[in-house]
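The values are calculated or read from the model by the stated rules, or taken from the named source; none is laboratory data. Since the structure is predicted, the reported quantities are computational estimates derived from the model, not experimental observations. As a convention, Cβ positions derive from the backbone with ideal geometry for all residues, glycine included, and neighbour counts pool all protein chains shown.
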Amino acid sequence: MKNTQPVNYDVIKNEWQLLINKTNTATHQTLIALSDEEIGSLVDAYYQYMLQDEKAQLFLSTSQVEERLSASMINWLRKVLGSSREDLSELIAHQRKVGEVHARIGLPIELVARGARKLKYELFQLLLSKAQLTAAEINQAIFFSGMAIDSAIEVMTVAFTPSHQKMMHDQEHFRLLTVYDDMSVERERQLGALKDWENQFIYNVATELPFEERVLLSDSEFGLWFSHKGQHIFRQPDLIHKIDSLIQKIDRLIATEFANDSADMLSRIHLLRLLRQDVEQVNMILSSIFEEIVKSENGKDPLTRLLTRRFIPTIMRREIALSIGSGKSFTIALLDIDYFKQINDSYGHSVGDNTLKSIAVWLHEHVRSSDYVFRYGGEEFMLLLVETPLAQAQTLMERLRNDIASQVIEVDVNTSFNITISAGLAEFDNHPDYQWLINKADKMLYQAKNNGRNRIESYSLGIEHTL
């Protein structure tokens, strides 16, 4: 990625300060004196407008506005309009942070500009309605407030650009990343999963298993893998679209034709032939994609062969979008090897490295092919469990914790030891910033360590008041 020149925010700060100095005290006081009701009405109009935008709905919800965003926007507008009495360095630092968050969640910059335009329009209308102000005073207030908001948005945009460029670079790299050590093995695994589903479905029909107990292809192991990984790492959008269309076609066939339990045997055989034809097409297309995919090992941890944290933003942004669109939640887990430093100190770093590699293997054995496993750093790992609510994730992690505790790490023929892990879980709560979710899981990991280690702690509503 091409390096971006460092931004000199002092230029923006100096021009903003000059704007403040050249604006008379009465104008500053007019804007500072806007009532809570007036500021609140501006923010309400802003969010009512933004919630009508289809793109904005991916990042906003009525509950988020009411519970958190409205108060934050009121505070932001107060500080920008009252920037004459603010520490300008701190105010600019806050705008930079906001811009970086916008880049992190993938918020389109045009939405920010559109929102600013609407906010200024409502503010200008409010100022024009103030009969006690002269035309000159109104013009001064409109000029300063517009320039101050533009200055804040400029800082956000400048901070947004390099973060967004890095995000796009990593996203493109991940798209090219196969994330597998051996593509031939992964090819056989997924084609096998597809065949297993087909055979199981045919068996279920033959044995007259109740319709509601039959698994749709999209909900199968293969379907989850394709939805959460296959579509993202393959570069042939036309072929991906064909597979997706075939999966939907197969699911419709199951939901309509196979739902008729009274159909005779000949009708069922005919339907099964149609289903097998579609599954075979999926098989053929998938095989061709695997044959053409370009293998790239960059981005994997060289020791454990897991994904590095570099790709967490790309993957989590995608999972957040999928979760919001489908209404199906996901859970992340941050886990840490207990007393890992003692292992290195007692047995040496080579044994420590082997321990990390063993953990990586055990993690993969306990998750589905649709889930993600990262080496988060040092002896810390992160799991992203797709379409997995918190209760289900807790069960999985407890099983993982117990299984790891039962494993034996051999140093030599006479020496061995056991290890344990601590983990923190957090379920996606519709907050668009993935770092918000990671921070919650990290708090729970910290709590698990404080509570004695070798345990799982989960984030729940209201728990932040006790931390």
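Observations, loosely collected:
- Residues of region 178-232 classified as modelled with pLDDT under 80, part of a loop (DSSP other than H, G, I, E, B) and of a type in the set (Ser, Thr, Tyr), total: 2
- Within the span defined as region 323-336, one or more residues are in contact with a helix residue (DSSP H, G or I) (Cβ under 9 Å, 6 or more places away or on another chain), more than 22 Å from Trp225 (Cα to Cα) and not hydroxyl-bearing (Ser, Thr, Tyr).
- Counting only helices (runs of 4 or more DSSP H) that fall entirely inside region 234-327 and contain at least 3 residues that are in the same structural domain as Phe374 (by TED's automatic domain parsing), at pLDDT 90 or above and of a type outside the set (A, V, I, L, M), no element qualifies.
- Lone qualifier among Ser84, Ser89, Ser35, Ser41 - being at pLDDT 90 or above and crowded, with 17+ Cβ neighbours inside 10 Å: Ser84
- Condition check for Gln48: over 23 Å from Ser129 (Cβ atoms) and surrounded by fewer than 18 Cβ atoms within 10 Å (Cβ to Cβ): no
- Residue tally, condition surrounded by 19 or more Cβ atoms within 10 Å (Cβ to Cβ), out of contact with any His (no Cβ under 9 Å at 6 or more places or on another chain) and assigned to a loop (DSSP other than H, G, I, E, B), over region 370-395: 2
- Residues of region 25-66 satisfying the condition of being over 24 Å from Gln125 (Cβ atoms) and of a type in the set (A, V, I, L, M, F, W, C): Leu58, Phe59
- Close Cβ contacts (under 8 Å, 6 or more residues apart or on different chains) running from residues in region 309-323 that are within 19 Å of Phe381 (Cα to Cα) to residues that are of a type in the set (D, E, K, R) and not in a helix (DSSP H, G or I) comprise Arg309/Arg375.
- Top-ranked residue of region 61-76 - restricted to ones that are crowded, with 16+ Cβ neighbours inside 10 Å and out of contact with any helix residue (DSSP H, G or I) (no Cβ under 6 Å at 6 or more places or on another chain), ranked as nearest to Asp36 (Cα to Cα): Trp76
- The combined condition, being within 15 Å of Trp16 (Cα to Cα) and either without any contact (Cβ under 8 Å) to a residue 12 or more places away in the chain or assigned by TED's automatic domain parsing to the domain that holds Tyr49 (or both), is not fulfilled by Phe124.
- Checking Asp345 against (1) without any contact (Cβ under 8 Å) to a residue 60 or more places away in the chain; (2) of a type in the set (D, E, K, R); (3) farther than 24 Å from Val413 by Cβ, the condition it does not meet: (3)
- Matching residues, region 101-117, being of a type in the set (D, E, K, R) and surrounded by fewer than 17 Cβ atoms within 10 Å (Cβ to Cβ): Glu110, Arg114, Arg117
- Given (1) aromatic (Phe, Trp, Tyr); (2) closer than 23 Å to Ser358 by Cβ; (3) within 15 Å of the chain's Cα centre (by Cα); (4) surrounded by fewer than 20 Cβ atoms within 10 Å (Cβ to Cβ), number of the condition Phe417 does not satisfy: (3)
- Test: residue in region 331-344 that is crowded, with 18+ Cβ neighbours inside 10 Å, assigned by TED's automatic domain parsing to the domain that holds Met444, assigned to a helix (DSSP H, G or I) and more than 25 Å from the chain's Cα centre (by Cα): yes
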